[in-house]
1. Spin-label point model (7 Å from Cα, Cβ direction): what's the residue 233 to residue 205 distance in nm?
2. With a 10 Å cut-off between alpha carbons and a GNM built on the chain, which of 172, 132, 220 moves the most?
3. Tell me the per residue accessible area of region 221-336 using a 1.4 Å probe; a whole number in Å² is fine.
4. Compare 155, 92, 47 in a GNM of the chain, Cα atoms joined below 10 Å, and give the one with the largest fluctuation.
5. Any chance you could give the angle, 0 to 90 degrees and rounded to 10, that helix 53-62 forms with the longest Cα principal axis of the chain?
6. If you take the charge dipole of the chain about its Cα centre, with +1 on Lys and Arg Cβ and -1 on Asp and Glu Cβ, which of 295, 255, 283 is farthest toward its positive end?
7. Note down the Stokes-Einstein diffusion coefficient of region 1-151 in µm²/s, whole number, using a Kirkwood radius over alpha carbon pairs, 20 °C, and 1.002 mPa s.
8. Please give the helix 27-39 orientation as an angle from the longest Cα principal axis of the chain, in degrees from 0 to 90, rounded to the nearest 10.
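The values are calculated or read from the model by the stated rules, or taken from the named source; none is laboratory data. From a predicted model like this one, the values you see are computed outputs, not experimental measurements. Here Cβ is always computed from backbone atoms with ideal geometry, including for glycine, and neighbour counts include all displayed protein chains. The area values use the complete protein model at the heavy-atom level, side chains included, leaving out ligands, DNA and RNA. Shrake-Rupley method; radii C 1.70, N 1.55, O 1.52, S 1.80 Å.
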Amino acid sequence: MQAQAESPRAIYALIHTGPAMAAADYAPLETASALARRCQGSAHALLVGAAPQAAIDRARELGLDTVWVVSAGAAPEPLQSQQLADIFAASLAREGPVGHAPDSLFLVAAGPAGEELAGRLAARLKAVPLGKCKHFEFDAAGRMSVQRAAFGGRLDMTLACRRGPFVAAVRKLDDAAQGQPQDSHATAVCHISPAVPLRPAYPASATARAEQQASLDGAKLVVAGGRGMGGADGFAALYELAARLEGAVGASLPAIDAGWAPVARQVGQSGKYVAPEIYLAIGISGTPQHMAGIAPHTRIIAVNKDPDAGIFQAAQIGVVADWQEFLPALISAWDGAPH
Ligand SMILES: Cc1cc2nc3c(=O)[nH]c(=O)nc-3n(C[C@H](O)[C@H](O)[C@H](O)COP(=O)(O)OP(=O)(O)OC[C@H]3O[C@@H](n4cnc5c(N)ncnc54)[C@H](O)[C@@H]3O)c2cc1C
(Lines give C-alpha, C1' and ligand atoms only; values in the text may rest on other atoms or scores of the structure.)
Protein backbone atom coordinates (compact mmCIF):
# COMPACT_ATOMS: atom_id res chain seq x y z
CA MET A 1 0.00 0.00 0.00
CA GLN A 2 1.10 3.59 -0.64
CA ALA A 3 2.22 5.37 2.47
CA GLN A 4 3.44 8.80 1.54
CA ALA A 5 1.24 11.88 1.65
CA GLU A 6 2.15 13.82 -1.51
CA SER A 7 0.30 17.09 -0.94
CA PRO A 8 -0.93 18.80 2.23
CA ARG A 9 -3.73 16.79 3.71
CA ALA A 10 -7.20 18.37 3.43
CA ILE A 11 -9.47 17.91 6.42
CA TYR A 12 -13.17 18.59 6.10
CA ALA A 13 -15.67 19.17 8.90
CA LEU A 14 -19.12 18.18 7.65
CA ILE A 15 -21.86 19.69 9.77
CA HIS A 16 -25.62 19.53 9.64
CA THR A 17 -26.60 22.92 11.02
CA GLY A 18 -30.10 21.81 11.90
CA PRO A 19 -32.62 23.67 14.03
CA ALA A 20 -31.37 22.31 17.40
CA MET A 21 -27.59 22.40 17.74
CA ALA A 22 -25.61 21.24 20.78
CA ALA A 23 -21.99 22.17 21.53
CA ALA A 24 -20.92 18.63 20.57
CA ASP A 25 -22.25 19.14 17.03
CA TYR A 26 -19.38 21.57 16.37
CA ALA A 27 -16.70 19.04 17.36
CA PRO A 28 -15.70 18.35 13.71
CA LEU A 29 -14.76 22.04 13.27
CA GLU A 30 -12.52 22.01 16.33
CA THR A 31 -10.98 18.70 15.37
CA ALA A 32 -10.38 19.75 11.75
CA SER A 33 -8.63 22.91 12.91
CA ALA A 34 -6.46 21.07 15.46
CA LEU A 35 -5.51 18.24 13.08
CA ALA A 36 -4.73 20.53 10.17
CA ARG A 37 -2.27 22.40 12.38
CA ARG A 38 -0.69 19.15 13.53
CA CYS A 39 -0.19 17.72 10.03
CA GLN A 40 0.39 21.07 8.29
CA GLY A 41 -2.66 20.46 6.17
CA SER A 42 -5.69 22.57 5.37
CA ALA A 43 -9.02 22.68 7.21
CA HIS A 44 -12.40 23.26 5.58
CA ALA A 45 -16.03 23.08 6.60
CA LEU A 46 -19.11 22.17 4.65
CA LEU A 47 -22.34 23.27 6.28
CA VAL A 48 -25.77 22.01 5.32
CA GLY A 49 -28.87 23.24 7.09
CA ALA A 50 -31.07 26.15 7.96
CA ALA A 51 -28.97 27.74 10.71
CA PRO A 52 -25.32 27.94 9.62
CA GLN A 53 -24.29 31.25 11.23
CA ALA A 54 -22.99 29.90 14.55
CA ALA A 55 -20.87 27.33 12.71
CA ILE A 56 -19.53 30.00 10.31
CA ASP A 57 -18.54 32.15 13.29
CA ARG A 58 -16.85 29.22 15.04
CA ALA A 59 -15.00 28.24 11.84
CA ARG A 60 -13.72 31.83 11.54
CA GLU A 61 -12.58 31.82 15.15
CA LEU A 62 -10.72 28.58 14.56
CA GLY A 63 -9.10 29.90 11.40
CA LEU A 64 -10.40 27.30 8.96
CA ASP A 65 -9.31 27.89 5.37
CA THR A 66 -12.69 27.62 3.68
CA VAL A 67 -16.33 27.33 4.68
CA TRP A 68 -18.83 26.21 2.09
CA VAL A 69 -22.43 26.91 3.05
CA VAL A 70 -25.04 25.00 1.12
CA SER A 71 -27.96 27.38 0.70
CA ALA A 72 -30.94 26.62 2.91
CA GLY A 73 -33.25 26.32 -0.10
CA ALA A 74 -31.23 23.37 -1.36
CA ALA A 75 -31.77 21.53 1.89
CA PRO A 76 -35.22 21.89 3.45
CA GLU A 77 -35.46 20.53 7.00
CA PRO A 78 -36.00 17.99 8.42
CA LEU A 79 -33.15 16.22 6.67
CA GLN A 80 -32.48 12.52 7.14
CA SER A 81 -29.03 11.00 7.01
CA GLN A 82 -29.40 9.50 3.54
CA GLN A 83 -30.39 12.93 2.20
CA LEU A 84 -27.55 14.65 4.07
CA ALA A 85 -25.08 12.12 2.67
CA ASP A 86 -26.30 12.90 -0.87
CA ILE A 87 -25.95 16.65 -0.34
CA PHE A 88 -22.51 16.41 1.27
CA ALA A 89 -21.22 14.04 -1.39
CA ALA A 90 -22.54 16.19 -4.26
CA SER A 91 -21.19 19.39 -2.71
CA LEU A 92 -17.77 17.85 -2.13
CA ALA A 93 -17.66 16.53 -5.66
CA ARG A 94 -18.30 20.07 -6.86
CA GLU A 95 -16.18 22.08 -4.44
CA GLY A 96 -13.61 19.75 -2.93
CA PRO A 97 -10.86 17.53 -4.24
CA VAL A 98 -12.79 14.29 -3.79
CA GLY A 99 -11.18 11.54 -5.79
CA HIS A 100 -7.97 13.51 -6.22
CA ALA A 101 -6.73 13.42 -2.63
CA PRO A 102 -6.42 9.92 -1.32
CA ASP A 103 -5.47 11.16 2.13
CA SER A 104 -8.42 13.56 2.64
CA LEU A 105 -10.14 13.18 5.98
CA PHE A 106 -13.87 13.87 6.40
CA LEU A 107 -15.13 14.43 9.93
CA VAL A 108 -18.70 14.23 11.22
CA ALA A 109 -20.00 14.61 14.78
CA ALA A 110 -20.11 11.37 16.76
CA GLY A 111 -23.49 10.16 17.94
CA PRO A 112 -26.14 7.87 16.47
CA ALA A 113 -27.06 10.25 13.61
CA GLY A 114 -23.44 11.19 12.88
CA GLU A 115 -22.25 7.60 12.80
CA GLU A 116 -25.02 6.63 10.39
CA LEU A 117 -24.08 9.60 8.24
CA ALA A 118 -20.41 8.58 8.36
CA GLY A 119 -21.20 5.12 7.00
CA ARG A 120 -23.41 6.45 4.22
CA LEU A 121 -20.84 9.08 3.26
CA ALA A 122 -18.03 6.56 3.16
CA ALA A 123 -20.07 4.50 0.70
CA ARG A 124 -20.80 7.50 -1.51
CA LEU A 125 -17.25 8.90 -1.42
CA LYS A 126 -15.64 5.48 -1.79
CA ALA A 127 -13.83 6.34 1.43
CA VAL A 128 -12.59 4.20 4.29
CA PRO A 129 -14.94 4.38 7.30
CA LEU A 130 -12.81 4.68 10.45
CA GLY A 131 -15.71 4.71 12.92
CA LYS A 132 -15.72 6.79 16.07
CA CYS A 133 -12.14 7.92 16.60
CA LYS A 134 -10.67 9.22 19.83
CA HIS A 135 -7.15 10.12 18.85
CA PHE A 136 -5.25 11.00 15.66
CA GLU A 137 -1.48 10.84 15.14
CA PHE A 138 0.69 11.91 12.19
CA ASP A 139 4.24 10.69 11.76
CA ALA A 140 7.08 12.69 10.25
CA ALA A 141 6.10 11.53 6.74
CA GLY A 142 2.51 12.72 7.25
CA ARG A 143 1.06 9.22 7.63
CA MET A 144 -1.98 9.09 9.85
CA SER A 145 -2.97 6.59 12.49
CA VAL A 146 -6.13 6.72 14.57
CA GLN A 147 -7.15 5.20 17.84
CA ARG A 148 -10.66 3.90 18.42
CA ALA A 149 -12.44 1.55 20.78
CA ALA A 150 -13.20 -2.01 19.72
CA PHE A 151 -15.09 -5.01 21.07
CA GLY A 152 -17.65 -2.99 22.95
CA GLY A 153 -15.05 -0.73 24.52
CA ARG A 154 -13.03 -3.62 25.92
CA LEU A 155 -9.91 -2.58 24.06
CA ASP A 156 -8.50 0.31 22.09
CA MET A 157 -7.04 -0.33 18.67
CA THR A 158 -4.76 1.76 16.53
CA LEU A 159 -5.44 1.81 12.80
CA ALA A 160 -2.65 2.71 10.39
CA CYS A 161 -4.44 4.73 7.71
CA ARG A 162 -2.57 4.28 4.47
CA ARG A 163 -4.85 4.98 1.56
CA GLY A 164 -8.08 6.96 1.91
CA PRO A 165 -9.99 9.10 1.68
CA PHE A 166 -11.22 8.53 5.24
CA VAL A 167 -14.41 9.29 7.12
CA ALA A 168 -14.34 9.52 10.91
CA ALA A 169 -16.87 10.41 13.59
CA VAL A 170 -15.40 12.61 16.31
CA ARG A 171 -16.14 14.11 19.66
CA LYS A 172 -14.25 17.01 21.12
CA LEU A 173 -10.62 15.93 21.12
CA ASP A 174 -9.01 15.48 24.49
CA ASP A 175 -6.19 17.71 23.37
CA ALA A 176 -5.39 20.91 25.19
CA ALA A 177 -4.35 22.75 22.01
CA GLN A 178 -7.55 22.06 20.13
CA GLY A 179 -10.17 24.72 19.77
CA GLN A 180 -7.72 27.60 20.18
CA PRO A 181 -8.62 30.58 18.02
CA GLN A 182 -6.17 31.48 15.23
CA ASP A 183 -5.66 35.20 14.76
CA SER A 184 -3.82 35.59 11.48
CA HIS A 185 -6.04 33.60 9.19
CA ALA A 186 -8.88 34.79 6.96
CA THR A 187 -11.55 32.21 6.36
CA ALA A 188 -13.14 32.23 2.90
CA VAL A 189 -16.91 31.76 3.13
CA CYS A 190 -18.58 30.56 -0.07
CA HIS A 191 -22.29 30.02 -0.56
CA ILE A 192 -23.16 27.21 -2.92
CA SER A 193 -26.34 25.50 -4.00
CA PRO A 194 -25.59 22.15 -5.54
CA ALA A 195 -28.66 20.82 -7.30
CA VAL A 196 -29.12 17.45 -5.68
CA PRO A 197 -32.26 15.49 -6.33
CA LEU A 198 -33.30 14.68 -2.76
CA ARG A 199 -34.38 11.11 -2.32
CA PRO A 200 -37.65 10.79 -0.42
CA ALA A 201 -37.46 10.82 3.37
CA TYR A 202 -38.30 7.65 5.26
CA PRO A 203 -41.65 7.93 7.00
CA ALA A 204 -40.91 9.11 10.53
CA SER A 205 -42.95 10.67 13.29
CA ALA A 206 -41.86 12.40 16.46
CA THR A 207 -43.58 11.83 19.77
CA ALA A 208 -43.25 14.51 22.40
CA ARG A 209 -41.51 13.20 25.51
CA ALA A 210 -43.82 12.94 28.47
CA GLU A 211 -40.87 13.63 30.79
CA GLN A 212 -40.58 17.13 32.14
CA GLN A 213 -37.27 16.50 33.93
CA ALA A 214 -34.01 18.24 33.07
CA SER A 215 -32.36 16.87 29.93
CA LEU A 216 -28.96 15.19 29.95
CA ASP A 217 -27.88 17.30 26.98
CA GLY A 218 -25.63 20.07 28.22
CA ALA A 219 -26.27 19.25 31.92
CA LYS A 220 -23.59 20.59 34.26
CA LEU A 221 -24.35 17.95 36.88
CA VAL A 222 -25.59 14.42 36.28
CA VAL A 223 -26.98 12.17 39.00
CA ALA A 224 -26.82 8.66 37.54
CA GLY A 225 -28.05 5.35 38.84
CA GLY A 226 -27.33 1.77 37.90
CA ARG A 227 -28.53 -1.73 38.61
CA GLY A 228 -27.61 -1.20 42.25
CA MET A 229 -30.58 1.19 42.63
CA GLY A 230 -32.72 -1.93 42.70
CA GLY A 231 -35.90 -0.50 41.21
CA ALA A 232 -38.02 2.49 40.25
CA ASP A 233 -38.14 3.65 43.89
CA GLY A 234 -34.39 4.06 43.82
CA PHE A 235 -34.71 6.21 40.72
CA ALA A 236 -37.42 8.30 42.39
CA ALA A 237 -34.83 9.15 45.04
CA LEU A 238 -32.33 10.07 42.29
CA TYR A 239 -34.87 12.42 40.67
CA GLU A 240 -35.47 14.04 44.07
CA LEU A 241 -31.77 14.67 44.54
CA ALA A 242 -31.30 15.86 40.94
CA ALA A 243 -34.14 18.37 41.31
CA ARG A 244 -32.51 19.85 44.41
CA LEU A 245 -29.06 20.06 42.78
CA GLU A 246 -30.47 21.30 39.44
CA GLY A 247 -28.95 18.28 37.75
CA ALA A 248 -30.18 15.74 35.22
CA VAL A 249 -30.74 12.05 35.86
CA GLY A 250 -28.71 9.48 33.92
CA ALA A 251 -28.76 5.69 34.02
CA SER A 252 -26.76 2.63 33.09
CA LEU A 253 -28.02 0.17 30.49
CA PRO A 254 -29.36 -2.41 32.98
CA ALA A 255 -31.42 0.31 34.71
CA ILE A 256 -32.86 1.34 31.34
CA ASP A 257 -33.54 -2.29 30.39
CA ALA A 258 -35.37 -2.75 33.68
CA GLY A 259 -37.59 0.23 32.82
CA TRP A 260 -36.47 2.36 35.78
CA ALA A 261 -35.61 5.30 33.51
CA PRO A 262 -36.42 6.22 29.88
CA VAL A 263 -33.96 5.26 27.17
CA ALA A 264 -33.04 8.91 26.52
CA ARG A 265 -31.27 8.83 29.90
CA GLN A 266 -28.87 5.99 29.08
CA VAL A 267 -25.24 7.01 29.42
CA GLY A 268 -22.53 5.02 27.73
CA GLN A 269 -21.21 3.51 24.59
CA SER A 270 -24.63 2.71 23.19
CA GLY A 271 -26.34 5.63 24.94
CA LYS A 272 -25.52 9.29 25.38
CA TYR A 273 -22.16 10.95 25.78
CA VAL A 274 -22.29 13.45 28.60
CA ALA A 275 -19.78 16.09 29.60
CA PRO A 276 -20.98 17.57 32.91
CA GLU A 277 -18.67 19.12 35.48
CA ILE A 278 -19.74 16.49 38.03
CA TYR A 279 -21.08 12.98 37.50
CA LEU A 280 -22.56 11.44 40.64
CA ALA A 281 -22.66 7.69 39.95
CA ILE A 282 -24.74 5.67 42.40
CA GLY A 283 -25.01 1.87 42.28
CA ILE A 284 -22.97 1.77 39.07
CA SER A 285 -20.01 -0.61 38.80
CA GLY A 286 -18.10 1.43 36.19
CA THR A 287 -17.80 -0.90 33.19
CA PRO A 288 -15.92 0.44 30.13
CA GLN A 289 -19.22 0.56 28.20
CA HIS A 290 -20.70 2.91 30.78
CA MET A 291 -17.57 5.01 31.27
CA ALA A 292 -17.30 5.52 27.49
CA GLY A 293 -20.24 7.90 27.83
CA ILE A 294 -18.53 10.26 30.28
CA ALA A 295 -16.16 13.00 29.09
CA PRO A 296 -12.55 12.74 30.29
CA HIS A 297 -12.66 16.12 32.04
CA THR A 298 -15.77 15.26 34.10
CA ARG A 299 -15.19 14.74 37.81
CA ILE A 300 -16.83 11.59 39.13
CA ILE A 301 -18.24 11.05 42.59
CA ALA A 302 -19.08 7.37 43.07
CA VAL A 303 -21.33 5.81 45.69
CA ASN A 304 -21.16 2.04 45.84
CA LYS A 305 -21.51 -0.49 48.62
CA ASP A 306 -18.70 -2.62 47.19
CA PRO A 307 -15.30 -1.14 48.15
CA ASP A 308 -13.74 -2.98 45.18
CA ALA A 309 -16.15 -1.59 42.57
CA GLY A 310 -14.25 -0.59 39.43
CA ILE A 311 -15.81 2.87 39.34
CA PHE A 312 -13.70 3.92 42.32
CA GLN A 313 -10.65 3.80 40.05
CA ALA A 314 -12.12 6.51 37.85
CA ALA A 315 -13.70 8.54 40.63
CA GLN A 316 -12.20 11.63 42.23
CA ILE A 317 -14.36 11.03 45.29
CA GLY A 318 -15.54 7.57 46.35
CA VAL A 319 -18.13 6.81 49.02
CA VAL A 320 -18.50 3.20 50.16
CA ALA A 321 -22.12 3.11 51.25
CA ASP A 322 -25.52 1.62 50.61
CA TRP A 323 -27.49 4.23 48.71
CA GLN A 324 -30.54 3.44 50.83
CA GLU A 325 -28.74 5.02 53.77
CA PHE A 326 -26.65 7.51 51.87
CA LEU A 327 -29.27 9.17 49.64
CA PRO A 328 -31.90 10.00 52.28
CA ALA A 329 -29.12 11.34 54.52
CA LEU A 330 -27.75 13.50 51.69
CA ILE A 331 -31.19 14.83 50.77
CA SER A 332 -32.06 15.71 54.33
CA ALA A 333 -28.64 17.35 54.88
CA TRP A 334 -29.25 19.43 51.74
CA ASP A 335 -32.73 20.42 52.89
CA GLY A 336 -31.39 21.41 56.31
CA ALA A 337 -28.53 23.52 54.91
CA PRO A 338 -28.96 27.25 54.14
CA HIS A 339 -29.06 27.94 50.34
C1 LIG B 1 -21.97 -3.59 23.09
C2 LIG B 1 -22.35 -3.19 24.49
C3 LIG B 1 -22.79 -1.89 24.70
C4 LIG B 1 -23.13 -1.48 25.99
N5 LIG B 1 -23.52 -0.18 26.18
C6 LIG B 1 -23.74 0.25 27.44
C7 LIG B 1 -24.07 1.62 27.70
O8 LIG B 1 -24.21 2.45 26.79
N9 LIG B 1 -24.25 2.00 28.98
C10 LIG B 1 -24.14 1.13 30.05
O11 LIG B 1 -24.30 1.56 31.20
N12 LIG B 1 -23.84 -0.17 29.82
C13 LIG B 1 -23.67 -0.63 28.56
N14 LIG B 1 -23.40 -1.95 28.35
C15 LIG B 1 -23.53 -2.87 29.51
C16 LIG B 1 -22.30 -2.95 30.37
O17 LIG B 1 -21.46 -3.99 29.88
C18 LIG B 1 -22.67 -3.31 31.84
O19 LIG B 1 -23.49 -4.44 31.87
C20 LIG B 1 -23.38 -2.16 32.54
O21 LIG B 1 -22.71 -0.95 32.35
C22 LIG B 1 -23.47 -2.46 34.03
O23 LIG B 1 -24.36 -1.55 34.60
P24 LIG B 1 -24.37 -1.27 36.16
O25 LIG B 1 -23.07 -0.70 36.58
O26 LIG B 1 -25.61 -0.50 36.46
O27 LIG B 1 -24.62 -2.74 36.77
P28 LIG B 1 -23.65 -3.69 37.56
O29 LIG B 1 -22.39 -3.92 36.84
O30 LIG B 1 -24.47 -4.87 37.95
O31 LIG B 1 -23.28 -2.85 38.88
C32 LIG B 1 -24.18 -2.55 39.90
C33 LIG B 1 -23.38 -1.91 41.03
O34 LIG B 1 -24.27 -1.49 42.04
C35 LIG B 1 -23.65 -1.72 43.29
N36 LIG B 1 -24.72 -1.80 44.30
C37 LIG B 1 -25.63 -2.80 44.46
N38 LIG B 1 -26.48 -2.49 45.45
C39 LIG B 1 -26.09 -1.28 45.93
C40 LIG B 1 -26.59 -0.43 46.97
N41 LIG B 1 -27.67 -0.76 47.69
N42 LIG B 1 -25.95 0.74 47.20
C43 LIG B 1 -24.85 1.10 46.48
N44 LIG B 1 -24.35 0.32 45.49
C45 LIG B 1 -24.97 -0.84 45.21
C46 LIG B 1 -22.87 -3.01 43.11
O47 LIG B 1 -21.83 -3.11 44.07
C48 LIG B 1 -22.37 -2.86 41.68
O49 LIG B 1 -21.08 -2.26 41.66
C50 LIG B 1 -23.06 -2.38 27.08
C51 LIG B 1 -22.62 -3.69 26.84
C52 LIG B 1 -22.27 -4.08 25.57
C53 LIG B 1 -21.79 -5.49 25.36
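1. Result: 3.8 nm between the two label points.
2. 220
3. Working: 5310 Å² over 116 residues.
Solvent-accessible surface per residue comes out at 46 Å².
4. Its mean-square fluctuation being the largest, the pick is 155.
5. Taking the Cα atoms of the chain, the angle to 53-62 is about 80 degrees.
6. 295
7. Numbers: Rh = 15.6 Å.
In µm²/s, the coefficient rounds to 137.
8. On a 0 to 90 degree scale, this one is about 60.
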